[in-house]
Amino acid sequence: MQYFVVMIDYGRRGREAIVDPEITRREVISRVAAGEYKNISFIHEIADSSVDDVTAEILAEAAVPEIQTVDADSQASRFDHARDLRKHELV
């Protein structure tokens, strides 16, 4: 049995793992290329009892430029800090 796990990162709202045993590699690539899957943390291919990280391969095949991801926790911390600074501004 072979299937793919696509982990989507929504930042502060959390993460979602999309797992569909009926989806093929070609379908994952087409969904990435179409923009249906955005903010991808990783794509794992599960085959029998092995797991392979195929994120770079699938992004390359989908012709999606690899974008430097910002750690969601550090981004959330910056937003929280900015909000706290605004609270304490003199009016």
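Here, each number is a calculation from the coordinates, and none is a lab measurement. As the structure is a prediction and not an experimental result, all values here were calculated from the model. All Cβ positions, glycine included, derive from the backbone under ideal geometry; neighbour counts span all protein chains shown.
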Evaluate the relative contact order of the chain (contact order divided by residue number), counting alpha-carbon pairs under 8 angstrom at least 6 apart; express in whole percent.
28
For the chain, count the residues as N, evaluate 2.2 N^0.38 Å, and divide the Cα radius of gyration by that value, please.
1.42
Based on the mean of other beta carbon atoms within 10 Å per residue, what is the order of 40-48, 81-89, most packed first?
40-48, 81-89
